[in-house]
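This report refers to the structure that appears directly beneath it.
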Amino acid sequence: MNRIIFLGTGGARIVVMKQMRWSGGMWFEVDGTNFLLDPGPGALIRSLENGLNPKDLDGIILSHRHLDHSADINVMIEAMTEGGYAKKGVVFAPRDALEDDPAIFRYLRSYVDDVKVLKEKGKYQIGKVSFEASLAHAHGKVQAYGINFQTSCGRISYLADPRYTPELARSY
């Protein structure tokens, strides 16, 4: 069965801080592949409440490093890999989520099979799902990308808080 489980739709930072709408990201079960997109605050709790086992994840995708999208990425890496005892999965993230003030802790990177840097228009694979990072989104001082997934069900696109531009619209 293919499905997307919304662990929270988030919103502006005030919405997240007050948890007016949960902000745990989206869990995809598509073409036999399980992955989490933008594990914001509450991703672990919301996953468990929905009967989802983080050990079933094949990977995690982070669109950008703002807390409303990345707060639970480290705990989800821990849960996916059973604290590093079951090395597995791939993490995809923009370069600035891995550098100076990283959103993803350095010691956790060895827990996964691979960490891949998202680049504008880069093409990637997670399990049986292929995807492409969008044009860079104008979103503050962070590197941010939307994602265009190609699945057996068709194309699924995700926009991560972009400022609208005609070029952005054409790219989707």
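Taken together, the residues in the range 27-59 that are touching a strand residue (DSSP E or B) at 6+ places or on another chain (Cβ under 7 Å) and free of Cβ contacts under 8 Å to residues at least 24 places away in the same chain amount to 1. Restricting attention to the range 154-172, the residues that are farther than 16 Å from residue 61 by Cα, in contact with a strand residue (DSSP E or B) (Cβ under 7 Å, 6 or more places away or on another chain) and modelled with pLDDT of 80 or more total 3.
Screening residue 16 with (1) surrounded by fewer than 21 Cβ atoms within 10 Å (Cβ to Cβ); (2) of a type in the set (Val, Ile, Thr); (3) over 26 Å from residue 152 (Cβ atoms); (4) touching a residue at least 24 places away in the same chain (Cβ under 8 Å) gives one miss only, at (1).
Here's the yes/no breakdown for (1) within 19 Å of residue 27 (Cβ to Cβ); (2) crowded, with 21+ Cβ neighbours inside 10 Å; (3) without any contact (Cβ under 8 Å) to a residue 24 or more places away in the chain; (4) not β-branched (Val, Ile, Thr):
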{"site": "61", "(1), (2), (3), (4)": "yes, yes, no, no"}
{"site": "81", "(1), (2), (3), (4)": "yes, yes, no, no"}
{"site": "96", "(1), (2), (3), (4)": "no, no, no, yes"}
{"site": "152", "(1), (2), (3), (4)": "yes, no, no, yes"}
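Residue 115 fulfils the conditions (1) closer than 17 Å to residue 28 by Cα; (2) modelled with pLDDT of 95 or more except for a single criterion, (1). Selection of the range 8-42 for residues being modelled with pLDDT under 95 and of a type in the set (A, V, I, L, M, F, W, C) yields 12, 14, 15, 16, 17, 20, 22. When residue 136 is tested against the conditions (1) touching a strand residue (DSSP E or B) at 6+ places or on another chain (Cβ under 6 Å); (2) more than 16 Å from residue 60 (Cα to Cα), the lone failure is (1).
Residues that are among the acidic types (Asp, Glu) and surrounded by 13 or more Cβ atoms within 10 Å (Cβ to Cβ) within the range 157-172 comprise just one, 161. You will find that of 73, 5, 104, the residue that is in contact with a Leu (Cβ under 9 Å, 6 or more places away or on another chain) and buried (at least 24 other Cβ atoms within 10 Å of the Cβ) is 73 and no other. Where strands (runs of 3 or more DSSP E) sit wholly within the range 57-172, those with at least 1 residues that are over 22 Å from residue 42 (Cα atoms) and of a type in the set (S, T, N, Q) occupy 123-126, 129-136, 145-151, 154-158. Picking from residues in the range 35-56 that are in a loop (DSSP other than H, G, I, E, B) and small (Gly, Ala, Ser), the one that is surrounded by the most Cβ atoms within 10 Å (Cβ to Cβ) is 40.
Scan the range 18-34 and tell me whether some residue there is farther than 15 Å from residue 147 by Cβ, out of contact with any Lys or Arg (no Cβ under 7 Å at 6 or more places or on another chain) and part of a helix (DSSP H, G or I). Yes - at least one qualifying residue is present in the range 18-34.
The values are calculated or read from the model by the stated rules, or taken from the named source; none is laboratory data. From a predicted model like this one, the values you see are computed outputs, not experimental measurements. Every residue, glycine among them, receives a Cβ derived from its backbone with ideal geometry; neighbour counts consider all protein chains shown.
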